[in-house]
Amino acid sequence: MLMAGSALFGEMHRLPHFSARALGALAYMTIAGSLIGFTCYEWLLHRMPATTVTSYAYVNPVVALAIGHWLGNEALTTHTIMGSVIILASVAAILRRKPPPA
C-alpha cells in the first residue's frame, strides 16, 4: 500500500530491489505468522478460555528476544531479562487464577 501511494504521489523514482532473502522472509512471515498463527489462534479460541489464549501476546515478545539472542547474536541486557521475567511471572499468575464459580 505504501509503495502504491508513493508511486501515486510521485515520491518513488525507481522500483526498489528486493533480494531473494527478503522475499523469502516476507513469504515466511505471511505463511507462518499470519495463516498458520491465526488459524491456531482461532482453533484455540473455540476450545480454551479467552484469557488463556490471549496470553500469547505477552509471551511472544519474550520468545522473540530469546530467538534473537540465540540466532541473531543480539545482546540481552539485565533490564531486558528482568522485564522478561516480570512478563512471564504475570502471565503465569493470570493462568493460575481459578475462574469464579458460576
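Residues ALA7, ALA25: which one is surrounded by 11 or more Cβ atoms within 10 Å (Cβ to Cβ) and farther than 28 Å from THR80 by Cα?
Only one candidate passes the filter, namely ALA7.
Got a sec? Which helices (runs of 4 or more DSSP H) wholly within the stretch 29-102 have at least 2 residues that are at pLDDT 85 or above, surrounded by 10 or more Cβ atoms within 10 Å (Cβ to Cβ) and within 14 Å of the chain's Cα centre (by Cα)?
37-45, 56-72
Out of all the residues in the stretch 10-22, which are aliphatic (A, V, I, L, M) and either loosely packed, with under 10 Cβ neighbours inside 10 Å or in contact (Cβ under 8 Å) with a residue 24 or more places away in the chain (or both)?
Within the stretch 10-22, LEU15, ALA20 meet the criteria.
Tell me whether the stretch 13-22 contains one or more residues that are in a helix (DSSP H, G or I), out of contact with any helix residue (DSSP H, G or I) (no Cβ under 6 Å at 6 or more places or on another chain) and modelled with pLDDT under 90.
no
The values are calculated or read from the model by the stated rules, or taken from the named source; none is laboratory data. Note that the coordinates shown come from a computational prediction; the quantities given were computed from them, not determined experimentally. A quick note on method: Cβ atoms are made from the backbone with ideal geometry, for glycine too, and the neighbour counts reach across all protein chains shown.
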